[in-house]
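First comes the structure, then the notes that go with it.
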Amino acid sequence: MRGDGVCTGFGRDGADPSARHARVACSAREVRSLRKRAGRGLGVGWGVRGICCWVALGLLVACGDDDVATDAGVDAPVPDDASADVPSDAYVRPAPTCPEPATLTPPACGTGSTRLGVWSEDATLDAKALAYDRGFHALFAWPTGVNAEARVADDEARAAVEQFFAAADAWDFEAATGRSVDEVVLSWAKVAGAYAGAGVAADAFRYAVLRDEGAACEEIERARMHLHRDLDALHRAVAITGAPGVIARGFHRADLPGGAHETTPLFDGEGAPLPAEKTNGTWRDDQSGDYPGYVWEDSCSRDMLIGWVLGMAAVWEVARGDDTIDAIRLATLSDDADAIARNLMQVGESGRDLEIHDADGRLTFHAYLHESAVDRMYVDRFRGNGQHAAMALGIAAALARIGDDPEVDRWLHESLVVARDLPGIVRDHVGIIDFGPMTNFSNHNMTWTGLWLASRYLCDDEAREAVREGTMVELYAREGSSRRVDTMGQSFFDLVYVAARSRGTADRDLDAASIDDDALERGLTTLNEFPSAPYWAVGRMNCDEAEIASGVCVAKTGPSFRWIRRPAVATRSSRRFPCRCAFVRRATTSGGAIPTASTATETRTRSIRAWTFDSPIGWVATSARAERS
């Protein structure tokens, strides 16, 4: 390493950097030095150029101590076809056998006397969760069965929402307030996979908890009805595209306020795909003939896909052995999951698999899940993208379990797990997303969802142990990180870590002796700190006209910041957004006002983001507590 902290070594023996398999070898000290420079982002000769160099190094270089062997997923020679099958004469670790689902014998409805887990210990948290769930289904999921943000019309409408939440046991909005939902709601945003799918997971695990504790018959039946609506929405997201295995980025009911979108045909008169240049979402008409009242958005991205899969996996898990869940709907779920997996198995023009295909025959805009991809491009001789490895492994493991297809099982085990060692890449490089203050925390959301899916649905103990180590050491309590996950106050991250550390899976309860009580309490503390429903995203004008003209703005909460680019238009955020984030649905705290450098002149202070998506964290906490009883 040079004196300025830049890692310069090539290969373990100083090989010519032009050699096919040359790589940069950085010691842990060198990596820490680079990360510190990236965190400062300033210095003589460093500045923006240095930040860009660190981004390149962080993504293109697989770094490890020279005297420590690292995983084959990074060091091994990369074939021209990085998705090639294992050679026929190579040793392949025997494929694991996934456990058969146990026969469910829950108590009869109405016979349960106490709540399970955390709900039995914290009645306030239980009541808060119930209120969020009631609002979620009465307002946000009302049009389609799954999550979509809602905006209320006026102060009278807001008062009606407050009245609904004040009625402690109400689920029917109109019965509780005397006003219909479509009269109160001004508009609904689109259904989007990352948020809708995670809301489905919350519904699934809520149903399982109620069923397994013998809750009131009416409660269980209502939760089961929500689950059936979820299954319908999951299929709609696939069927509406008209192409097997292609899933929509999102969809909208065209007859509702906010649902009118200008649509574009998939192809022009000559059969060429439209638009000519692929976008990150183009609205289309229903291609199946089954949903004429809906429009859908194409170009499903990584985050949207993993959200849909999160929901699919949760429904599959809780429905196994439950003959009260509609068997036809479950068979359809299995078929859809298998078709999506087979699309991801395809080796495209890039010579790689793990690409998301669209209904127009092209790849989606953010199609790339391969371990050698960086954002929207592939990097030769690089297979160290731990975020992609976690997401791909989790998605593939979940789809394999749901679809129950031997060919998908073989691809998962022989290619992803054994030949390419995605678990090893997760173990050693999932922390690639940590850029200190410059971290894109959407990458955390996607990565932690992938870690949840991989830990929960892989059947290979060896692979799962590698994912567990990456979750615990490389990401959650990352040494030297200035943005350690265990200090973020993110309940979802805390409880995914708790589950991984305790080796909980879809087939195995948490190991009570391995539960990290401190992490569990951190997750529950964040949930308790949530405001009670309804929570409103209230607008705050941070920059007045004089501040805009001067280019310097002092936020209402104190910190000052400069515009990177002077705004052209002053905008005001709405005061009419009730945040539907149930804290048994994923919590994303923003930690105060966030200054922005965009065309907006206003920032919001929110305890939970208006778009934050749902997750099964309440189920994880409940499972952890139940193991102690």
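Could you compute how much accessible surface residue 318 exposes when probed at 1.4 Å, giving the result in Å² to the nearest 10?
Estimated to the nearest 10 Å², residue 318 gives 10 Å².
Using a 1.4 angstrom probe with every protein chain in place, what is the largest-first accessible-area order of 411, 448, 142? If you can, show how the numbers build up before the last one.
Values: 411 20, 448 0, 142 90 Å².
If we order 411, 448, 142 from most to least accessible, we get 142, 411, 448.
With a 1.4 Å probe and every protein chain kept in, tell me what percent of the accessible surface of segment 323-435 is carbon plus sulfur. Walk me through the numbers before you get to the answer.
Working: 1670 of 3620 Å².
Roughly 46 percent of what the probe reaches on segment 323-435 is carbon or sulfur.
When Lys and Arg each count +1 and Asp and Glu each count -1, what net charge do the other residues less than 11 Å away from residue 103, Cβ to Cβ, add up to?
Details: positive: 320; negative: 100, 322, 323.
Counting the neighbours of residue 103, the net charge comes to -2.
What does the accessible area per residue of segment 104-235 come to in Å², with a 1.4 Å probe and no ligands, DNA or RNA counted? Let's see the in-between values first.
Working: 4950 Å² over 132 residues.
Result: 38 Å² per residue.
Treating only the Cβ of Lys, Arg, Asp and Glu as charged (+1, +1, -1, -1), what charge dipole size does segment 380-469 show about its Cα centre? Round to the nearest 20 debye.
Working: 9 positive and 14 negative charges, 57 e Å.
So the magnitude is around 280 debye.
With a 1.4 Å probe and all protein chains left in place, how much of the accessible area of segment 207-297 comes from carbon and sulfur atoms, in whole percent?
Working: 1940 of 3850 Å².
Roughly 51 percent of what the probe reaches on segment 207-297 is carbon or sulfur.
Could you state the accessible area per residue of segment 351-395 in Å², with a 1.4 Å probe and every protein chain left in place?
Heavy-atom SASA per residue in segment 351-395 reads 24 Å².
For segment 239-329, which GluC sites (Glu not before Pro) pass both filters: DSSP loop (anything but H, G, I, E, B) and at most 13 other C-beta atoms within 10 Å?
Values: sites: 262, 270, 277, 297, 317; in loops: 262, 270, 277.
Sparse-neighbourhood loop GluC sites (Glu not before Pro): 262, 270, 277.
Could you order 266, 104 by accessible surface area, starting with the largest, using a probe radius of 1.4 Å?
104, 266
Leaving ligands, DNA and RNA out of it, work out the accessible area of residue 261 with a 1.4 Å probe and give it in Å² to the nearest 10.
60
Are there any GluC sites (Glu not before Pro) in segment 433-541 that are in a DSSP loop and have at most 10 other Cβ atoms within 10 Å? List them by number. Write down the numbers at each step before the final one.
Working: sites: 462, 465, 469, 474, 479, 521, 529; in loops: 479.
Sparse-neighbourhood loop GluC sites (Glu not before Pro): 479.
Roll a 1.4 Å probe over the protein heavy atoms and report the accessible area of residue 165 in Å², nearest 10.
Its accessible surface works out to 30 Å², give or take rounding.
If you roll a 1.4 Å probe over the heavy atoms of the protein chains, what accessible area per residue do you get for segment 396-478, in Å²?
Working: 2270 Å² over 83 residues.
Dividing the accessible area of segment 396-478 by its residue count gives 27 Å².
If I compute solvent accessible area with a 1.4 Å probe over the protein chains, what percent of it on segment 444-513 is carbon and sulfur? If you can, show how the numbers build up before the last one.
Working: 920 of 2260 Å².
In segment 444-513, the share of accessible area belonging to carbon and sulfur is 41 percent.
If you filter segment 319-424 for GluC sites (Glu not before Pro), then keep DSSP loop positions with at most 16 other Cβ within 10 Å, what is left? Before the final figure, lay out each step's value.
On the way: sites: 349, 355, 371, 407, 414; in loops: 349, 371.
Passing sites in segment 319-424 are 349.
May I ask you to rank 132, 378, 368 by accessible area, largest first, using a 1.4 Å probe over the protein chains only?
Working: 132 5, 378 55, 368 30 Å².
My answer, sorted largest first, is 378, 368, 132.
The values are calculated or read from the model by the stated rules, or taken from the named source; none is laboratory data. From a predicted model like this one, the values you see are computed outputs, not experimental measurements. No Cβ is skipped: glycine too gets one built from the backbone with ideal geometry, and neighbour counts run over all protein chains shown. Quick note on the areas: whole protein, heavy atoms, side chains included, nothing else; ligands and nucleic acids left out. Shrake-Rupley method; radii C 1.70, N 1.55, O 1.52, S 1.80 Å.
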